[in-house]
Structures are given as C-alpha cells and as structure tokens.
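Each remark here refers to the structure printed beneath this line.
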Amino acid sequence: METSFNLHGIELLSFSLLPEPPAGSKEKQLSYEFNVQQEQKTNVDKQLVIVFTTITVIQSGYTLPLATVTAACGFGISSFDGTLTRQTSGEYLISPDIGQAVSRVATGITRGIFYSQLRGSYLQDCILPLLPGE
C-alpha cells in the first residue's frame, strides 16, 4: 500500500546564538561541527507524525555550542491507521519508509530555518552540509 504525507505545520521551538568568541589568529581557518538530533512522535487525534529536529553548531575542538535551533514539523499521514501500527502499549509505530521520508523533509526545513536565523550574525556563512540519505 502506497502512503502519502503532507506538511501540516512548522514551528520554531527554540533558537540560541552565543556572542562571537574572541578572535584568535586571523590566519587560522575556523571549522565547525554540526550535531543533528531528531525525535518522531505521533498525534493520533490529528493523525500527524511530528518530527522534532535540533541542530547544534560547535567550533571544532570546543564543546560549547555556538548556536542551536529546534523546530517541529507536523506531517499529515494518509491512511494513518492503516499505515502506522498500534503497539500493545497504545503508542504507534512509524514505518521505516515514512519515518525516513518525513525525517529528510524535516531536516531540510530546519536547515532553512537555521540559515535564516543566522543571517547577519558571525555564523551567517555556516551552512549545514547535506547529510547521508538526503
């Protein structure tokens, strides 16, 4: 059975940006590390899968995040009851194909939000590269 989904809504849950760290050697090229975390939940009443995506930017060699964004993307799932499997605990199991598809879309949306939030800051040229599977 082929299942489709549509974007139901997007919400920026949080954004933080530390002040620009003191400049060291101007000749040293700064490099950044990205951490992307996701969590998927269901809203049975609205027949949605909600993907919470958090992206963190850390300067290489440091542990303190320079910037972090968390966004929630809700996806309406056609044939919700036929597509998702209800577990004995009452929670719904999201099939891998739907889970991967909404995860990719949510990552792209959050990447765009993050880019927009960083505009005009010292991290404005810091762009999350494509991830495996995108």
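Quick notes on this structure:
- The Rg/Rh ratio for region 94-134 is 1.11, where Rg is the radius of gyration of the alpha carbons and Rh is the Kirkwood radius.
- Ratio Rg/Rh, restricted to the chain and using Cα atoms, in which Rh is the Kirkwood radius: 1.08
- Within the chain, helix-based [θ] at 222 nm, where runs of 4 or more DSSP H residues each add -39,500 (n - 2.57), nearest 500: -6500 deg cm²/dmol
- Prolate is the label for region 60-134. Its Cα gyration tensor axes, ordered a ≥ b ≥ c, give a/c of at least 1.5 and a/b above b/c.
- In order along region 70-86, the phi-based Karplus estimate (6.51 cos²θ - 1.76 cosθ + 1.60, θ = phi - 60°) of 3J(HN,Hα) comes to 10, 10, 10, 10, x, 10, x, 10, 6, 6, 3, 5, x, 8, 9, 9, 7 Hz; Gly and Pro are listed as x.
- Relative contact order computed over region 36-85 (Cα-Cα under 8 Å; 6+ residues apart), in percent: 33
- Folded to 0 to 90 degrees: helix 96-118 orientation relative to the chain principal axis, Cα: 30
- Pairs of Cα atoms nearer than 8 Å and 6+ residues apart set the relative contact order; for the chain it is 27 percent.
Where a number appears in this text, it was derived from the coordinates with a stated rule and is not lab data. Computed from a predicted structure; not experimentally measured.
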